[in-house]
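The next block holds one structure in the form of structure tokens; read it before the comments.
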Amino acid sequence: MCRGGRLLADFKAGTDVKPGVSERLEEHLTMTAGGLWVVWAYKLAWQVGDLFMPLTGGSSYPADARATCRLGRAHKAPKPRCTCGFHALSSRRLPGLPADLDSNVLTVALSGRVLAFEWELGQEVLWRAERQTVVRIEPALFSRTAGVIQKLRHPDDPDGRLAFVSPDTPCDSGPVRLDLPVSCPVVPVCDDDAGWCVESSQFEHSPSSLVLT
């Protein structure tokens, strides 16, 4: 799983009070339609039915859930010296995975107690959060040469004419349209992973061969 470096911040998200964090972290905050401040982040996972599974084969989780420590320890998730909580990263353009990996990029909103760590592969942030809400699911496409995630795109207009751009805001165009559900299930999480940190040798099994817990 991803292991961050220095702890940058420990704060509360999912309320109408904007977290007091540094500029480096503030750019990843966004407000929901209901006026709540959440962290906008990304992770990789397999989708199995209505559940999502970490690439490490850890515990599966629904689209919206609150984490508790699976190790039975007497603390609320997440805690700096434990691995509990939902893991995610500040950027989706990061190196390190094989090109033939069949997974999804999840855009997630993090709330509750949130921990921010330096991440060893660059100037990014590793998040661990108490609550995670999956906002968007996209197929992952990896570049064999650059080793980074690329977004799927349609080919250019073959006749060279410019496309008409609608003045209306597209549906689901951004975090401003997000509204967190009032309640969510609680699941034990201590083996989650943001996805970019998994060794290639762990991909020899397909998601269907893994057991949901």
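Some points to look at:
One line per residue, one yes/no per condition, for (1) surrounded by 15 or more Cβ atoms within 10 Å (Cβ to Cβ); (2) at pLDDT 90 or above:
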site	(1), (2)
G4	yes, no
F11	yes, yes
V21	yes, yes
A33	no, no
L36	yes, yes
Y42	yes, yes
L51	yes, yes
R66	yes, yes
G72	no, no
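- Residue within the range 26-43 that is outside any loop (DSSP other than H, G, I, E, B) and acidic (D, E) present: yes
- The single condition from (1) part of a loop (DSSP other than H, G, I, E, B); (2) touching a strand residue (DSSP E or B) at 6+ places or on another chain (Cβ under 9 Å) that T56 fails is (2).
- Yes/no for L36 being under 21 Å from V135 (Cα atoms), in contact with a Lys or Arg (Cβ under 8 Å, 6 or more places away or on another chain) and in contact (Cβ under 8 Å) with a residue 12 or more places away in the chain: no
A quick yes/no check of all residues on (1) at pLDDT 80 or above; (2) surrounded by fewer than 13 Cβ atoms within 10 Å (Cβ to Cβ); (3) over 17 Å from the mean Cα position of the chain (by Cα):
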{"residue": "T83", "(1), (2), (3)": "yes, no, no"}
{"residue": "R92", "(1), (2), (3)": "no, no, no"}
{"residue": "E124", "(1), (2), (3)": "yes, no, no"}
{"residue": "Q132", "(1), (2), (3)": "yes, no, no"}
{"residue": "I149", "(1), (2), (3)": "no, no, no"}
{"residue": "F164", "(1), (2), (3)": "no, yes, yes"}
{"residue": "D168", "(1), (2), (3)": "no, yes, yes"}
{"residue": "P175", "(1), (2), (3)": "no, no, no"}
{"residue": "S183", "(1), (2), (3)": "yes, yes, yes"}
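The values are calculated or read from the model by the stated rules, or taken from the named source; none is laboratory data. Only a predicted model underlies this, so the values are computations on that prediction, with no experimental measurement involved. No Cβ is skipped: glycine too gets one built from the backbone with ideal geometry, and neighbour counts run over all protein chains shown.
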